[in-house]
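No lab work stands behind these numbers, since they all come straight from the coordinates. Keep in mind the model is a prediction, meaning the values are calculated, not measured. All Cβ positions, even for glycine, are placed from backbone atoms using ideal geometry, and neighbour counts span all protein chains on display.
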Amino acid sequence: MSETKSMSDTVTLSVEDAVAVVLIDNPPVNALGLSVREGLVAAIEEIEGNTDIKAAIISAKGRTFPAGADIAEFDIGMREPWLPGVIDRIEACSKPMVAAIFGTALGGGLEVALGCHYRIAAASAKMGLPEVKLGLLPGAGGTQRLPRLVGAEAALQMMITGKPVKAALAEQMGLVDKVVADDALMAEAMAMAAAMMAKDGPLPRVSEKTEMVEKDRADAELFDRFKAEHGRLFRDVIAPDEILDSVKAAVNLPFREGMSVESANFNKLFTSDQSRALRHVFFAMRETSKVPGIGKDTPLIDVKSVGVIGAGTMGGGIAMNFANIGIPVTIVEVKQEALDRGLGVIRKNYENTARKGRLTDADVETRMGLLTGSLDMESLADVDLVIEAVFESMEIKEKVFSRLETICKPGAILASNTSFLDINHIATFTSRPEMVLGLHFFSPANVMPLLEVVRGDKSSDSVIATGMKLAGKIGKTPVLAGVCDGFIANRLMLPYMVASQEMLLAGTPMQVIDSAMRDYGFAMGPIALLDLIGLDVITFPGDMTLTGELVAMERRGQKLNGGFYDYDEKRRGTPAPAAHDVIEKVRRHRGIAGDVELTPEQVVAGLLYPVINEGAKILDEGIALRAGDIDVAAILGYNWPSYQGGPMCWADIHGLDKIVAGLEQMGIEPAAMLKKLAAEGGSFT
Ligand code: COA
């Protein structure tokens, strides 16, 4: 092999048996940042100019073939050479170019492979165009080359779902020419390059392929059919339509003209609010686990066994998370009956999953086998972590934690799943407050992806680091929260729920409120949400509340007799006459005329501005580390639509000055931080 030459800081080239091996080395995921693009251009020039080189392989060092454009570069402005041009040059190369794919070839990475003349993949590789998840489309020729290679329908499937395909399927689709064992990838790529340079005739350039698109052109219904079959993926978001439009261009126009359509559509999306929001969410989701002062050197506590106190809905769901990853759990209850019921519910949950084919019967038994019921807290003597999920009363927590104090081994982590009680106060019931923290799960705890890790004043760094790490292990995204009433997600959304009640009383019909929030992007509006979670679950302030009155009539929402809405057997709701009467009654009691009907836009402002205001306080008080953490908590805990970016990102896009003015008009004092940022022209995110 020739000596290895640097093409740039992140790209090297070496020559072996007349084959140039071009390796990208840009950890962690070999994103195609500026220096990679510059290196690829230099490599192509070397390959073209050096007569000793007859063919080339493009691959990477580290864990993966490039996983995409460098998303971090998007917001600071991308410099030339741009990726579409780099890929055109790879494709135009007069010598055979082979992509040797492993890991996750995503986005621009896959587009580089599509620019090569041959593609060979390791068996474990995955390939995808996930740009849609960032509100974008593949803008480096992906929308034009992929349909030419695999047909419009398969290309749309990949681009509009954003889901990667495994190597075996990629081979079946014609996306790659050959799949080989992982450890044989480079040797096989060398063999392929050698075979190709011995071959005469023109190189197979994807942009010149016509067979697939000609077939697609004959299928007049293709695009309408795809959209009809995948309607859900097009709802609310704008990128899928632009992808569809670009693929239409691939089918109907010459390659160059199609590239212009792709480029125009990409620019439209790139500058859209949705893409800005989704890019923010991408990084915010990855940032929540980073806690200043806690790093790789913070010692973690090994959690090999867990105790859960309380076998109710919460306790049961929490226990399942650990059984799912093979950690044994002891569940403690006071009464045998409650314990049996709790374990029965867990079994039923697992069996339901097995019925859907997502677990085998053996998995169900393995997991159930990891759960041990007990009526005696003494059985928690040896566990590494206890999570208390008992009734929300400080007296009961005191009883539990002062018992744990005497029972648990030194070094055990003592966690509370309280959703609003003071963790610092709870920690005083033990003589080891440094071992105490909050682990706040969202219901159903085995499903919801958010875990608020609540740091008490005395929680040790190790305990917090372990909590954050453990969240990832059980498949949750951790968000660190300080101690306050409601922590982040619940505290943030309480003003939303309160405002929805006031709005209803003031005269906006429930269906107008709910539909405005559905149009904003929530799966359901706040009134329907109350019916779903149960009217007896949230207590609103005031002596006569709508929910209180409905509960007094035994209307508890979907679970019992309907609530604000009446429900048919398919759970479709219509505004309930009984709720209408209750609204009238509360209006009379409180002297509200009920004649203020808001427009959908006013509903959104009326419900969300108070949330932003609360978010600003949460941030200012240091309850959340960053605005992005609040956004993640809202998205994962309350299904805030991610294409809106979460509350804080949405506020930035919407305009902080508008929000300050709106709050003042509503008679709500804007939070100091919100006012300051608005005045400075600053932003939360
Ligand atoms: N550009 C810039 N940074 C990227 C990146 C990209 N395309 N893809 C990943 N990263 C960063 C992440 O932010 C993270 O950084 P951090 O360690 O500082 O937090 C790091 O790479 C590792 O990513 P992570 O997602 O935590 O690792 P993973 O192993 O779970 O997943 C991927 C790896 C590649 C599957 C995943 O990161 C991914 O899907 N990336 C996006 C791919 C994409 O959308 N490409 C198209 C871009 S247009």
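Do any trypsin sites (Lys or Arg not before Pro) in the range 518-591 lie in a loop, going by DSSP, with at most 15 other beta-carbon atoms within 10 Å of their beta carbon, and if so which?
Lys559, Lys570, Arg571, Arg572
Asp620 to Lys559: extension gain in nm, 0.36 nm per residue of separation minus the Cα-Cα distance?
Values: separation 61, 0.36 × 61 = 21.96 nm, distance 3.85 nm.
In short, 18.1 nm is gained.
Between the range 106-176 and the range 521-595, how far is it from one alpha carbon centroid to the other, in angstrom?
The two parts, judged by their Cα centres, are 48 Å apart.
Give the long-range amide H neighbours of Ile57: residues separated by 5 or more places, or on another chain, with amide H under 5 Å away, using H modelled in the peptide plane at 1.01 Å from N.
Residues meeting the amide H criterion: Ala20, Val21, Val22, Val98.
About the Cα centre of the range 569-631, what is the dipole size in debye to 20, counting +1 per Lys and Arg Cβ and -1 per Asp and Glu Cβ, all else neutral?
So the dipole magnitude of the range 569-631 works out to roughly 380 debye.
Limiting things to C-alpha atoms, what are the Rg and the maximum Cα-Cα separation (Dmax) for the range 296-344, in angstroms?
For the range 296-344, the Cα-based Rg and Dmax read 13.0, 46 Å.
For the pairs Lys133/Lys348; Lys304/Lys335; Lys304/Lys397; Lys227/Lys268, note any where the Cα-Cα span goes beyond 30 Å.
Pairs exceeding 30 Å: Lys133/Lys348.
How much length would be gained if the chain were fully extended between Ala218 and Lys399, taking 0.36 nm per residue of separation minus their Cα-Cα distance, in nm to one decimal?
Details: separation 181, 0.36 × 181 = 65.16 nm, distance 7.42 nm.
Here the segment from Ala218 to Lys399 would lengthen by 57.7 nm.
Tell me the label-point distance for the pair Ala679, Ile325, using the 7 Å Cα-to-Cβ offset, in nm and rounded to one decimal.
4.6 nm
Find how many whole Å separate the alpha carbon centroid of the range 1-71 from the alpha carbon centroid of the range 336-410.
Answer, in whole Å: 53.
Efficiency by 1/(1 + (r/R0)^6): what FRET value for Phe283 and Ala187, r their Cβ-Cβ distance, R0 = 45 Å, to the nearest 0.05?
0.75
Could you go through the range 163-176 in sequence order and give the Karplus-derived ³J(HN,Hα) for each residue, using 6.51 cos²θ - 1.76 cosθ + 1.60 with θ = phi - 60°, rounded to whole Hz, and x for Gly and Pro?
These are the phi-based 3J(HN,Hα) values: 7, x, 10, 7, 3, 4, 5, 4, 5, 4, 6, x, 6, 10 Hz.
Going by how many other Cβ atoms sit within 10 Å of their own, how do Val479, Val512, Val179 line up, fewest first?
Val512, Val179, Val479
For Val179, list long-range residues whose amide hydrogen, built 1.01 Å from N in the peptide plane, is under 5 Å from its own amide hydrogen.
The answer is Ala121.
Output ³J(HN,Hα) for the range 343-352: one whole-Hz value per residue in order, computed from phi by the Karplus curve 6.51 cos²θ - 1.76 cosθ + 1.60 with θ = phi - 60°, and x for Gly and Pro.
Those phi angles translate into 5, x, 5, 4, 4, 4, 4, 5, 5, 4 Hz.
Residues with amide H under 5 Å of Leu451's amide H, sequence separation 5 or more or different chain, H placed in the peptide plane at 1.01 Å from N; which?
Thr477, Val479
With unit charges on the beta carbon (Lys/Arg positive, Asp/Glu negative), name the residue among Leu371, Gly357, Gly342 whose Cα is farthest towards the positive pole of the charge dipole of the range 282-424.
Towards the positive end, the residue furthest out is Gly357.
If I stretch the segment between Asp241 and Arg341 completely, what's the gain in nm (0.36 nm per residue apart, minus their alpha carbon distance), one decimal? Mind showing how you got there, number by number?
Details: separation 100, 0.36 × 100 = 36.00 nm, distance 4.87 nm.
The span from Asp241 to Arg341 would gain 31.1 nm if fully extended.
Residue by residue, what Karplus-based ³J(HN,Hα) values in Hz, rounded to whole numbers, does the range 284-290 have, using 6.51, -1.76 and 1.60 with θ = phi - 60° and x for Gly and Pro?
4, 4, 7, 8, 4, 7, 8
Counting other beta carbons within 10 Å of each residue's own, what order do Leu134, Leu625, Leu421 fall into, fewest first?
Placing the least packed residue first, the sequence is Leu421, Leu625, Leu134.
Computed FRET efficiency, Cβ-Cβ of Arg232 and Thr372, R0 56 Å: what is it to the nearest 0.05?
In this case the efficiency is close to 0.85.
Let me know the charge dipole size of the chain about its Cα centre in debye, to the nearest 20, where only the beta-carbon of Lys, Arg (+1) and Asp, Glu (-1) is charged.
Here the chain has a charge dipole of around 780 debye.
Show that you can apply the helix-only estimate: for the chain, add -39,500 (n - 2.57) for every DSSP H stretch of four or more residues, divide by all residues, and state [θ] at 222 nm to the nearest 500.
-15000 deg cm²/dmol
Counting other Cβ atoms within 10 Å of each Cβ, which trypsin sites (Lys or Arg not before Pro) in the range 156-234 have at most 13 and sit in a DSSP loop?
Within the range 156-234, the qualifying trypsin sites (Lys or Arg not before Pro) (loop, at most 13 other Cβ atoms within 10 Å) are Lys199.
Mind listing P(r) for the chain? All alpha-carbon pairs, 10 Å bins, whole percents.
Whole-percent P(r) values from 0 Å outward: 3, 13, 19, 21, 20, 14, 7, 2, 0, 0.
With labels modelled as points extended 7 Å from the Cα through the Cβ direction, what inter-label distance (nm, one decimal) is found for Val447 paired with Val334?
Calculated label separation equals 2.9 nm.
Take each of the peptides 502-510, 121-129, average the number of other beta-carbon atoms within 10 Å over its residues, and list them starting from the highest.
Those peptides, ordered most packed to least, come out 121-129, 502-510.
Looking at the range 357-440, which trypsin sites (Lys or Arg not before Pro) are in a loop (DSSP not H, G, I, E or B) and have at most 13 other Cβ atoms within 10 Å?
Counting only loop positions with at most 13 other Cβ atoms within 10 Å, the trypsin sites (Lys or Arg not before Pro) in the range 357-440 are Arg358.
Between Glu392 and Asp297, how many nm apart are label points set 7 Å from Cα along the C-beta direction?
Here the answer is 4.1 nm between the modelled labels.
Tell me, Cys649, Cys408, Cys93 in order of fewest to most beta-carbon neighbours within 10 Å?
On the way: Cys649 29, Cys408 24, Cys93 20.
Starting with the residue having the fewest Cβ neighbours, the order is Cys93, Cys408, Cys649.
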